[in-house]
Amino acid sequence: MRFTRDSSSSTHLIRAYGGGELRINDDTYRETVMLSASVVLTLPSVRSMNDLLDFDASRILALDPELILLGTGQRQIFPAAAFRVQFLSAGIGFEVMDTGAACRTFNVLVAEQRRVVGLLMV
């Protein structure tokens, strides 16, 4: 098998997830992260699904996503409909999955140059 060096340093990729942390490129995060191919923002005020009710969705919409992946920790938990509808009514895809699955899906979609935003809880 031939290996090549990953030269996409301007694109954020999730290198590891587990044990209450995310590794994005060479940085480690231990709190909720909002992530696109070009932006990483920590969201320390988002620790549970209830915190999403007070979250300003315009922060996600400002990244112009075509799809939003919500990673909800070790198991899949659906947020309140009021949170999801903000994106669905704008014609933006919205998927909920455990954070491990969201990390893998994010990397695939970024590699396909899709406009994806991950909201990932650890």
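Here residue 83 does not fit the description of being farther than 17 Å from residue 17 by Cβ, in contact with a Phe, Trp or Tyr (Cβ under 7 Å, 6 or more places away or on another chain) and not aliphatic (A, V, I, L, M). Being in contact with a Lys or Arg (Cβ under 9 Å, 6 or more places away or on another chain) and either over 21 Å from residue 38 (Cα atoms) or surrounded by 14 or more Cβ atoms within 10 Å (Cβ to Cβ) (or both) is the filter here, so list the residues in segment 49-64 that pass it. Hit for segment 49-64 is 63, nothing else.
The condition of being under 13 Å from residue 122 (Cβ atoms) and touching a His at 6+ places or on another chain (Cβ under 7 Å) holds for only one of 24, 14, that being 24.
Yes or no: residue 105 of a type in the set (S, T, N, Q), touching an Asp or Glu at 6+ places or on another chain (Cβ under 9 Å) and under 19 Å from residue 25 (Cβ atoms)?
Details: of a type in the set (S, T, N, Q): yes; touching an Asp or Glu at 6+ places or on another chain (Cβ under 9 Å): yes; under 19 Å from residue 25 (Cβ atoms): yes.
Yes, satisfied.
Residue 85 satisfies every condition listed in (1) at pLDDT 95 or above; (2) among the hydrophobic types (A, V, I, L, M, F, W, C); (3) closer than 18 Å to residue 117 by Cβ except (1).
Scanning segment 72-93 for residues that are over 11 Å from the mean Cα position of the chain (by Cα) and buried (at least 16 other Cβ atoms within 10 Å of the Cβ) yields 73, 79, 83, 84, 86, 87, 92.
Answer with yes or no whether residue 43 is within 10 Å of the chain's Cα centre (by Cα), within 23 Å of residue 10 (Cα to Cα) and either buried (at least 17 other Cβ atoms within 10 Å of the Cβ) or among the aliphatic types (A, V, I, L, M) (or both). So residue 43 does not fit the description; no.
The values are calculated or read from the model by the stated rules, or taken from the named source; none is laboratory data. Fair warning: this is a prediction, and the values are worked out from it, not measured in the lab. A quick note on method: Cβ atoms are made from the backbone with ideal geometry, for glycine too, and the neighbour counts reach across all protein chains shown.
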